[in-house]
Amino acid sequence: MALRAALGNKRALSGFISQLYFNSSHGRVCASTVLAAQQRSNSTSSKISVNFDQSTGVAVMHLQSPPVNSLSLDFLTEFCISLEKLEMDKSCRGLIITSGVPKVFSAGLDILEMYGKSPESCGEFWKAVQEMWLKLYSSNMVIVAAINGSSPAGGCLMSLTCDYRIMADNPRYSIGLNETQLGIVAPFWFKDAMANTVGHRNTEMSLALGLLYSPTEALKIGLVDQIVPEDKLMTSAEQMMGKWLAIPAHARQITKSMMRKPTIDKLTSKREADVQNFVSFITKDAIQKSLRTYLEMLKKRKAS
Ligand code: CO8
């Protein structure tokens, strides 16, 4: 009954999946059961499109939630379901994530999920953010981010989980963890993923100042691995995918796990505490005020 109710409502489904992960040490198996049921239903994802080429074993996922691919609860739920389906299909070995929205890869977490919401909603939202990060960061697939637009905060976090980041060389695009500019603080696992990529000092500067980097600057500190002309982005991503897939899968996967496991385990062991921290932080009056000011700034910038 709970499953049927959850399948009828994405927010409930997300909560249901989170509960299964929280309550079971065999979360993957339980979630797979839910997703198998979801696959049998006729639901299609409106915010994510996936094209899987059986002949290459590579799927291309387009994020397509205009105007800015913000990571709302609905978006994250659809994203995790799509990812889990690919993960369960053993013929899928690689995934390229890109945006179907012009000029923006992802604007990061949907600020409206954190502003003016009840503690319960905030908690549910945060579990979905954790879920996205854990699934991506621990994936057995090779994941390449083809970053064809701006990618602040949660958008940058999503890119950081990938095995390789290629960004379109357009100076109007930027990427980085700019949380402090909103008056909020990137949690430890955002910081860890960044530090694993660009080192301690770059992360310290980056997070403290809420820096957003142009593609050239991002390449310089190693936040992206390659920049290419925009029209070459997808072919470059496919070429790089070929290189990664040429490595024997078991050796590559064990190496990936060895590099990432301590970071993953740290969040896994503190998930509930991390949710509590987020909820108590984000619902503070002062933080809500900062978010309101930031939203107003976005509106003003749009109007000018
Ligand atoms: N969430 C919700 N709405 C957003 C967001 C967002 N992240 N970003 C933009 N929007 C809205 C705008 O308000 C605007 O709404 P409307 O049409 O109603 O006026 C609409 O999307 C279009 O935005 P723009 O006109 O600004 O679009 P542009 O194409 O000109 O610019 C950008 C695109 C560059 C992505 C720009 O919108 C931008 O800079 N957005 C803000 C990005 C940002 O700062 N995101 C941070 C989110 S916080 C996060 O991801 C991590 C939080 C960690 C929490 C830790 C707490 C403990």
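General observations
- Rounded percent of accessible protein surface that carbon and sulfur make up, segment 142-209, 1.4 Å probe: 54
- Temperature 25 °C, viscosity 0.890 mPa s: under these conditions the Stokes-Einstein estimate for the chain, based on its Kirkwood radius over C-alpha pairs, is 125 µm² per second.
- Packing order of peptides 219-232, 160-173, 245-258, highest average first: 160-173, 219-232, 245-258 (average count of other Cβ atoms within 10 Å over each peptide's residues).
- Charge dipole (Cα centre; +1 on Lys/Arg Cβ, -1 on Asp/Glu Cβ; no other charges) of the chain amounts to roughly 160 debye.
- Over 23 Å (Cα to Cα) - which of 47/232; 127/243; 191/243; 127/191; 220/299; 90/243 fall in this group: 47/232; 127/243; 191/243; 220/299
- Rounded to the nearest 0.05, the FRET efficiency derived from the C-beta distance between residue 231 and residue 51 at R0 = 22 Å is 0.70.
- Debye-sum result for segment 166-298 in log10 I(q)/I(0), which assumes one identical scatterer on each alpha carbon, at q = 0.12, 0.14 Å⁻¹: -0.66, -0.87
- The residues of the chain present an accessible area of 47 Å² per residue when probed at 1.4 Å with all protein chains retained.
- A viscosity of 0.692 mPa s and a temperature of 37 °C, combined with the Kirkwood radius over C-alpha pairs in the Stokes-Einstein formula, give segment 145-189 a diffusion coefficient of 295 µm²/s.
- Rounded to 5, percent antiparallel among DSSP beta bridges of the chain: 25
The values are calculated or read from the model by the stated rules, or taken from the named source; none is laboratory data. What you see is a predicted model, and the numbers here were worked out from it, not measured in a lab. Cβ atoms come from the backbone with ideal geometry, glycine included; neighbour counts cover every protein chain shown. To get the accessible areas, we keep the full protein, side chains included, count just its heavy atoms, and leave off ligands, DNA and RNA. Shrake-Rupley method; radii C 1.70, N 1.55, O 1.52, S 1.80 Å.
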